[in-house]
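Report on the following structure.
The values are calculated or read from the model by the stated rules, or taken from the named source; none is laboratory data. All values reported here derive from a predicted model rather than from experimental measurement. With ideal geometry, Cβ positions are generated from the backbone for all residues, glycine too; neighbour counts draw on all protein chains shown. Only protein heavy atoms, including side chains, enter the accessible area calculation; ligands, DNA and RNA are left aside. Shrake-Rupley method; radii C 1.70, N 1.55, O 1.52, S 1.80 Å.
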Amino acid sequence: MNAKLNPEEMVARLLYRDGLMLVIDKPAGIAVHRGPKGGESLEDHFGALRFGLPRAPALAHRLDRETSGCLVLGRHRKALATLGRLFKTGAIGKCYWAVVEGGPAEEEGTIDLPLGRRDESRGWWMKPDPDGQPAVTKWKVMGRATYAGDGLGRAAPHGSLPPCGGGTGRGVTANAKYAATPLPTPPPQGGREQARRVASESVPRTAATPTQHLTWLALEPVTGRTHQLRVHCAAQGWPIVGDTIYGNAPRTGGPPLQLHSREIIVPLYKNRDPIKVMAPAPLTMQERLYACGWQGEVFHLVD
């Protein structure tokens, strides 16, 4: 992400708000917090999300720099402590959408593969390791395609889609009524033609774009290890498209990482239904999602 965020853009990315928690739609290409080398981070712009509180909200968890979608913020210390416990105990439901190269032969399954650090000096660089930390990912196929880089891939016939992050276009459950003020609606998605245009601008085309077999997956991380979904998919032989670390994407000039935090479910309040928040599919993934049979969505918040 090259353009700097401004306060209006941060507020426009708000998906859910109440007295304890915010959920924003993180853009791909920006780190959530400032690393040792410095540079712009999403945290730099949290001041725009105070909404009358004396302090800016803070991260309740992390997403990779190149991953987009639902990111949870706590609005004050007590809220952060509560959210931290929920994340640590696995009480928060998470669903990611990914487009992978090739794909599994089956329609659903579970990856149970411990992970460890590949290099102790770089704690984010992971590998399958039988002596590492337990790591479990559930997956389900949502669509398949033969893709030639023009957005017109042949989608394989497919049955009912899994409920995880299904294309309802619903951003928040009726819990939105607990917000202090009306929630903004994320910018509407532009459809197939806009997806093609954005993808073509972000990914240089060559004279002969090779045909690829792609699969659209819903991924549910049961555990929350660093780069878990990327390593698990690559280890199965179907790396995530655009993955320059664990997959086959070139360091420069390749497609953006096709990984999106689609949905998060937070049981934040007693005697209330869990808060369910969904982030719209990013433009940089839409071309391949369409090829895999995605029908698009009209994204709005529930009143």
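Identify the residue in the range 53-63 that is open to solvent by 40 Å² or more (accessible area, probe 1.4 Å) and at pLDDT 95 or above and, among all such residues, is nearest to L283 (Cα to Cα). Even if it seems obvious, please write down each step before you answer.
Applying the first criterion (open to solvent by 40 Å² or more (accessible area, probe 1.4 Å)) to the range 53-63 yields 53-56, 62.
Next, only the ones that are at pLDDT 95 or above stay: 53-56.
Values: L53: 33, P54: 35, R55: 32, A56: 29 Å.
Result: A56.
Pairs under 8 Å by beta carbon, first residue within 30 Å of K270 (Cα to Cα) in the range 91-103, partner among the acidic types (D, E), six or more apart or different chains?
Between residues of the range 91-103 that are within 30 Å of K270 (Cα to Cα) and residues that are among the acidic types (D, E), the close pairs are G93/E220; G93/E263; K94/E220; K94/E263; C95/E220; C95/E263; Y96/E220.
Is there a residue being on the phi > 0 side of the Ramachandran plot and either small (G, A, S) or touching a Ser or Thr at 6+ places or on another chain (Cβ under 9 Å) (or both) anywhere in the range 237-252?
Filtering the range 237-252 for residues on the phi > 0 side of the Ramachandran plot gives 237, 242.
Now restrict to residues that are either small (G, A, S) or touching a Ser or Thr at 6+ places or on another chain (Cβ under 9 Å) (or both): 237, 242.
Yes - at least one qualifying residue is present in the range 237-252.
Are there any strands (runs of 3 or more DSSP E) wholly within the range 64-122 with 3 or more residues that are open to solvent by 50 Å² or more (accessible area, probe 1.4 Å) and closer than 20 Å to V141 by Cα, and if so which?
Numbers: elements: 68-74, 93-101, 108-112, 115-119.
Ranges flagged: 108-112.
If you check R251, R262, R272, which single one turns out to be crowded, with 24+ Cβ neighbours inside 10 Å and charged (D, E, K, R)? Lay out the reasoning, then the answer.
On the way: R251 fails: crowded, with 24+ Cβ neighbours inside 10 Å; R272 fails: crowded, with 24+ Cβ neighbours inside 10 Å.
None of the other options fit; the residue is R262.
Looking at (1) over 28 Å from V241 (Cα atoms); (2) in contact with a Cys (Cβ under 9 Å, 6 or more places away or on another chain), which one does Y147 not meet, given that it meets all the others?
That leaves (1) as the condition not met.
Within the range 50-59, can one find any residue that is hydrophobic (A, V, I, L, M, F, W, C), farther than 21 Å from I265 by Cβ, under 15 Å from the mean Cα position of the chain (by Cα) and outside any strand (DSSP E or B)?
Checked the range 50-59: no residue is hydrophobic (A, V, I, L, M, F, W, C), farther than 21 Å from I265 by Cβ, under 15 Å from the mean Cα position of the chain (by Cα) and outside any strand (DSSP E or B).
Among the residues of the range 5-25, is there at least one that is closer than 27 Å to Y269 by Cα, touching a Phe, Trp or Tyr at 6+ places or on another chain (Cβ under 7 Å) and either open to solvent by 40 Å² or more (accessible area, probe 1.4 Å) or in a loop (DSSP other than H, G, I, E, B) (or both)?
yes
Of the residues in the range 215-236, how many are assigned to a strand (DSSP E or B) and surrounded by fewer than 24 Cβ atoms within 10 Å (Cβ to Cβ)? Lay out the reasoning, then the answer.
In the first step, residues of the range 215-236 are kept if they are assigned to a strand (DSSP E or B); the result is 215-221.
Subset that is surrounded by fewer than 24 Cβ atoms within 10 Å (Cβ to Cβ): 215, 218, 220-221.
Qualifying residue count, the range 215-236: 4.
Is one or more of the residues making up the range 39-47 under 28 Å from L217 (Cβ atoms) and of a type in the set (F, W, Y)?
Going residue by residue through the range 39-47, those that are under 28 Å from L217 (Cβ atoms) are 42.
Adding the requirement that they be of a type in the set (F, W, Y) leaves none.
No, the range 39-47 has no match at all.
All but one of (1) at pLDDT below 95; (2) in contact with a Phe, Trp or Tyr (Cβ under 9 Å, 6 or more places away or on another chain) hold for G39, so report the exception by its number.
Failing condition for G39: (2).
Working carefully through the options G143, G149, find the one that is modelled with pLDDT under 95 and open to solvent by less than 60 Å² (accessible area, probe 1.4 Å). Quick ask: steps written out before the conclusion?
Values: G143 fails: modelled with pLDDT under 95.
Testing whether each residue is modelled with pLDDT under 95 and open to solvent by less than 60 Å² (accessible area, probe 1.4 Å) leaves just G149.
Looking at (1) within 21 Å of R117 (Cα to Cα); (2) out of contact with any Cys (no Cβ under 8 Å at 6 or more places or on another chain); (3) crowded, with 20+ Cβ neighbours inside 10 Å, can you tell me which one P239 breaks?
(2)
Could you check the range 247-281 and list, in sequence order, the residues that are under 25 Å from W125 (Cβ atoms), part of a loop (DSSP other than H, G, I, E, B) and touching a residue at least 60 places away in the same chain (Cβ under 8 Å)?
Our first condition is that a residue be under 25 Å from W125 (Cβ atoms); within the range 247-281, this holds for 247-261.
Narrowing further to those that are part of a loop (DSSP other than H, G, I, E, B): 247-258.
Passing the criteria: G247, N248, P256, L257, Q258.
Kindly list, by first and then second residue, each pair from a residue in the range 24-51 that is farther than 14 Å from L73 by Cα and among the polar types (S, T, N, Q) to a residue that is modelled with pLDDT of 90 or more and outside any helix (DSSP H, G or I), limited to pairs with Cβ atoms under 6 Å and residues at least 6 apart or on different chains.
Filtered contacts from the range 24-51: S41/A31.
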